[in-house]
Each structure stands twice: as C-alpha cells, then as structure tokens.
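> The structure's right below; bear with me while I get my questions together.
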Amino acid sequence: QVQLVESGGGLVQAGDSLRLSCAASGRTFTYSNMGWFRQAPGREREFVAVLNWSGANTVYAASVKGRFTISRDNAKNTVYLQMNTLKAEDTAVYYCVAGAGALVALAHEYPYWGQGTQVTVSS
C-alpha cells in the first residue's frame with residue numbers, strides 16, 4: 001500500500017510563511033498525483049493543490065493561488081506545500097493525498113490520505 005506522513009505544521013502569525021512536507025512510501029506507481037486538502041473546524045473538507053508526477057501540471061484552489069506553491073522531489077518521494085502570506089482563514093488541518101486518477105480537485109480521486117498536520121494562523 002501507500003503511506004503518507006505530513007510534517008511542518010505549526011502556529012504562525014498572519015503574513016508569515018510555512019512549508020509543509022509529505023513523505024510517501026509504498027508502491028510508487030499507484031500515486032503519480034499528489035497534493036493537499038484541508039479541513040477547518042466546522043467546515044467541509046477543501047481542496048488546496050495537486051500536481052502530477054513530473055510536476056509540470058498543477059491545479060490550485062482559487063483561495064490559495066498566488067500564495068501557495070506545490071512541488072515535489074521524486075528522488076525523496078516527498079511533496080511540499082510552500083505557503084506564503086498566510087491568513088487566519090488558512091487555519092486548518094492539512095492532509096496530504098495521493099492517487100493515480102485524474103488530476104482534479106475531487107477528493108474521491110485520491111484513495112491515499114495522511115493523518116494530517118495542523119496549521120494555525122493567528123490574526
């Protein structure tokens with residue numbers, strides 16, 4: 001199977017930056033696409049960003065486009081989410097996801113999920 005382990009979350013102030021990492025292990029051909037979703041308390045799960053195996057194709061949520069950058073290092077089986085100019089509304093648990101289907105903002109296309117890492121942005 002595939003295991004995903006997130007790291008890098010924490011408490012920051014509005015305007016600060018943070019970089020999340022997600023280390024993947026398992027059968028690499030089953031997770032060519034990797035990305036991030038998030039869920040804030042009392043809110044539904046929300047798509048953040050995804051990218052394909054080469055990193056050449058990316059999809060971002062409108063709410064983070066221009067502030068967040070997703071990237072990956074296949075030699076390390078790791079995907080990153082660089083988050084700049086953080087806002088209070090970015091506060092959420094961030095989940096790393098992986099899948100081999102369509103590169104879209106739909107949770108069901110990503111059968112593998114990490115345990116999540118908390119990001120808290122104080123205003």
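> Name the most mobile residue of Ala23, Ala102, Ala92, meaning the one with the largest mean-square fluctuation, in a Gaussian network model of the chain with Cα contacts below 10 Å.
Residue with maximal mean-square fluctuation among Ala23, Ala102, Ala92: Ala102.
> For region 27-105, with every protein chain kept in place, what is the accessible area per residue (1.4 Å probe, Å²)? All intermediate terms of the calculation are to be shown ahead of the outcome.
Working: 3680 Å² over 79 residues.
Here the per-residue accessible area is 47 Å².
> Accessible area of Trp53, 1.4 Å probe, to the nearest 10 Å²?
Solvent-accessible area, nearest 10 Å²: 100 Å².
> Just to confirm a number: summing +1 for Lys and Arg and -1 for Asp and Glu over residues other than Val97 whose beta-carbon lies under 14 angstrom from that of Val97, what do you get?
On the way: positive: Arg38, Arg45, Arg72; negative: Glu6, Glu46, Glu109.
Summing Lys/Arg as +1 and Asp/Glu as -1 gives 0.
> Just the accessible area for Glu109, please: 1.4 Å probe, Å², rounded to the nearest 10?
Its heavy atoms expose roughly 50 Å² to the probe.
> Would you mind checking which residues have amide H under 5 Å from Gly10's amide H? H placed 1.01 Å from N; only 5 or more apart, or other chain.
So Gly10 has HN proximity to Val119, Thr120.
> Quick check: with the 1.4 Å probe, what order do Lys65, Lys87 take by accessible area, largest first?
Working: Lys65 145, Lys87 80 Å².
In descending accessible area the options line up as Lys65, Lys87.
> Follow-up question, since we're still on this one. Can you pull the percent of region 84-123's accessible area that's carbon plus sulfur, 1.4 Å probe, other chains left in place?
Taking all protein chains in place, region 84-123 shows 53 percent carbon and sulfur surface.
> Project the alpha carbons of the chain onto their principal axes and report the range along each, largest first, in whole Å.
Principal axes ranked by extent give 41, 27, 25 Å for the Cα atoms.
> Related question: Taking the inverse of the average 1/r across all pairs of different Cα atoms in region 1-70, what Kirkwood radius in Å do you get?
Working: mean 1/r = 0.0727 Å⁻¹.
Averaging 1/r across every pair of different Cα atoms and inverting gives 13.8 Å.
> Let me ask another. Taking only C-alpha pairs under 8 Å that are 6+ residues apart, what is the relative contact order of region 2-104 in percent? Mind dumping the intermediate values first?
Numbers: 205 pairs, mean separation 37.4, N = 103.
Relative contact order, region 2-104: 36 percent.
The values are calculated or read from the model by the stated rules, or taken from the named source; none is laboratory data. Keep in mind it's a predicted model, so treat the numbers as computed, not measured. Neighbour counts are summed over all protein chains in view; Cβ atoms, including those assigned to glycine, are modelled from backbone coordinates with ideal geometry. Note: accessible area is taken over every heavy atom of the protein model, side chains too, but ligands, DNA and RNA are not part of it. Shrake-Rupley method; radii C 1.70, N 1.55, O 1.52, S 1.80 Å.
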